[in-house]
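The values are calculated or read from the model by the stated rules, or taken from the named source; none is laboratory data. Source: prediction; values computed, not measured. Methodologically, a virtual Cβ is constructed for each residue, glycine included, from the backbone with ideal geometry; neighbour enumeration extends over all protein chains shown.
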Amino acid sequence: NAGVTQTPKFRILKIGQSMTLQCTQDMNHNYMYWYRQDPGMGLKLIYYSVGAGITDKGEVPNGYNVSRSTTEDFPLRLELAAPSQTSVYFCASSDRAKNIQYFGAGTRLSVL
Amino acid sequence: QKEVEQDPGPLSVPEGAIVSLNCTYSNSAFQYFMWYRQYSRKGPELLMYTYSSGNKEDGRFTAQVDKSSKYISLFIRDSQPSDSATYLCAMRYSGGGADGLTFGKGTHLIIQP
């Protein structure tokens, strides 16, 4: 009964470093999403995917990249990390029918 | 004007009180409305899911949508300390696409024992 699993839970990066945030779901959902949540703010959509091989930009895509090679996995790549990318990142997935989104526990990222 | 407005609180009420949480929105194209609960350092979990206008009840929780006023509410009856969390309203457009959700900033709710 895992649902949406995100790794790592916490990470500290130095400015200019790169990293990949991992997300996997076991619900066979077609749709997957990446959001970021800043203190006192709602969640902002970074990227989303409607299926393997198909991705699209959300509201705040700059500085990020994604790929979707399988139904289960949707990694988020940060290139050249900047302090503005300090945030909590949430991955979500949903089915095509009702599009109810289920969230992972989040990755807390600090860029110093 | 932001698309979704939600008072961040904190809202502090005594145990057993009825809680009212609200969001207003500006885009009349929103058709699906959700309330998520988020405990500290956890991911959001879906509480209520409604389509278009009307009421939906689930246990102690009631969601209301008034599309004519662009206003949605979540009521919690017989509030418990375990209800203390941040409540996020969310909404999306109609259609079969994979639209992401548009969220309010969340209301931090504290239920005092």
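Quick one: A:Pro61 ticks every box in (1) without any contact (Cβ under 8 Å) to a residue 40 or more places away in the chain; (2) farther than 28 Å from B:Cys89 by Cα bar one, so which box is it? All conditions pass for A:Pro61, except number (2). Criterion applied to B:Asp78, B:Asp83 was being out of contact with any strand residue (DSSP E or B) (no Cβ under 9 Å at 6 or more places or on another chain) and away from every other protein chain (no Cβ under 11 Å), and the one residue passing it is B:Asp78.
Does B:Gln31 satisfy the criteria of being out of contact with any helix residue (DSSP H, G or I) (no Cβ under 6 Å at 6 or more places or on another chain) and at pLDDT below 95? Considered against the rule, which asks whether it is out of contact with any helix residue (DSSP H, G or I) (no Cβ under 6 Å at 6 or more places or on another chain) and at pLDDT below 95, B:Gln31 comes out as yes. Listed by position, the strands (runs of 3 or more DSSP E) enclosed by segment A:36-112 that each have at least 1 residues that are at the interface with chain B (Cβ under 10 Å from one of its Cβ atoms) and modelled with pLDDT under 95 are A:43-51, A:54-57, A:87-94. Strands (runs of 3 or more DSSP E) fully within chain B that include at least 2 residues being out of contact with any Cys (no Cβ under 6 Å at 6 or more places or on another chain) and surrounded by 15 or more Cβ atoms within 10 Å (Cβ to Cβ): B:11-14, B:19-25, B:30-38, B:45-51, B:61-66, B:71-76, B:85-93, B:107-112. Taken together, the residues in segment A:39-59 that are surrounded by fewer than 16 Cβ atoms within 10 Å (Cβ to Cβ) and under 21 Å from B:Gln6 (Cα atoms) amount to 4.
Each row is one residue, and each column tells you yes or no for (1) in contact (Cβ under 8 Å) with a residue 24 or more places away in the chain; (2) β-branched (Val, Ile, Thr); (3) closer than 24 Å to A:Val4 by Cβ.
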site	(1), (2), (3)
B:Pro8	yes, no, no
B:Ser28	yes, no, no
B:Gln38	yes, no, yes
B:Tyr49	no, no, yes
B:Asp78	yes, no, no
B:Leu88	yes, no, yes
